[in-house]
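This structure is in structure tokens; I'll ask about it shortly.
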Amino acid sequence: MSQIVVNNVQKVFRTAERDVVALKDINLEVQAGEFVCLLGPSGCGKSTLLNAVAGFSLPSSGAITVDGRRIAAPGPDRGMVFQEYALFPWMTVAQNIAFGLEVQGKAKGEVAAKIDQLLEMLHLKDFRDRFPKDLSGGMRQRVAIARVLALDSPIMLMDEPFGALDALTRRNLQDELLRIWAEFGKTVLFVTHSIEESIYLADRIVVMTYRPGTIKRDHVVDMPRPRDPASAEFNELKRELGRLVMEEQQRHAADEMKLAAVD
Ligand SMILES: Nc1ncnc2c1ncn2[C@@H]1O[C@H](COP(=O)(O)OP(=O)(O)O)[C@@H](O)[C@H]1O
Ligand SMILES: [Mg+2]
């Protein structure tokens, strides 16, 4: 049985001016331990789909199940990492990571051991008593990942988590994520608009269309890791996916021109 099953999902946002069909006829299955990227330009419903799996915003119709249970709300089996650093600014790194465990009422000793392990694993030991404002973007995202790992969620949902980072920091965190994913056997559903990022990371790349958001291509990436972005195979796939994404990007741009003309 697939771990995540998205069955005929539609999502319509009703606004004063019009209805936006953000998702239409979405059918998707993700196996336990799989690393799947949702790829597409801005506005094609990637976040909407991720938020539906997270349980933050439910579909207008259709259903999403995790391990056979229908999703009706957020749950500890699904941890979310956002692009914006969703850390508590008044808490130190260690306190941020500990927060979820304390909410769960875990014993002090258990929490302390877990924090030490995660600080070590994400190379945050020297930063344990710092506050988020004193960290670089890359370090903050390490803390955000540690916070999700602390809860032992089998599923990690990530919405452009590295989108605001410079190229080197980004590659560094991609490698860390792959290491964690392999070590812990997590299922990862990862949203990005970067074709290269999706090829570097994913077992499968799900390309989405712009309005309505549908699945345009479900591509299995059959390359051993670590993948070399300079290799011929990598670049061949990059060109192919680039064509698919560019078509949607153009539809997005055309739509924006139309809207601008109406205003
Ligand atoms: N709360 C909302 N109200 C109205 N429209 C929304 C809302 N959230 C998203 N949308 C629209 O739904 C579409 C998909 O948005 P989103 O899922 O954020 O796309 P992506 O993450 O791929 O950029 C967009 O056209 C967006 O404008
Ligand atoms: Mg988004």
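Values quoted throughout were computed directly from the atomic coordinates according to the rules given, and no laboratory measurement underlies them. It should be emphasised that the depicted structure is a prediction, and the values quoted were computed from it without experimental measurement. Counting neighbours? That spans all protein chains shown, and the Cβs are built from the backbone with ideal geometry, glycine included.
Could you check what % of the DSSP bridge pairs in the chain are antiparallel, to the nearest 5? Write down the numbers at each step before the final one.
On the way: 20 of 38 bridges.
Expressed as a percentage, antiparallel bridges in the chain total about 55.
Using DSSP, restrict attention to beta bridges with both residues in the stretch 41-195 and report what percent are antiparallel, rounded to the nearest 5. Display every interim value, and only then the final one.
On the way: 2 of 11 bridges.
Antiparallel: roughly 20 percent of the beta bridges in the stretch 41-195.
With labels modelled as points extended 7 Å from the Cα through the Cβ direction, what inter-label distance (nm, one decimal) is found for Arg211 paired with Arg179?
4.3
Could you let me know the centre-to-centre spacing of the stretch 24-46 and the stretch 175-238, using Cα atoms, in angstrom?
11
Another question, if that's okay. Over the chain, consider all pairs of different Cα atoms and compute the Kirkwood hydrodynamic radius from their mean reciprocal separation; express it in Å, one decimal. Before the final figure, lay out each step's value.
On the way: mean 1/r = 0.0515 Å⁻¹.
Evaluated on the chain, it is 19.4 Å.
Between Ala260 and Ala107, what is the label-point separation in nm under the 7 Å Cα-to-beta-carbon projection?
Going from the Ala107 label point to the Ala260 one covers 6.3 nm.
Return the FRET efficiency for the residue pair Glu17, Ser60: r is the Cβ-Cβ distance, R0 is 25 Å, and the value is rounded to the nearest 0.05.
Values: r = 18 Å, r/R0 = 0.72.
The value I calculate is 0.90.
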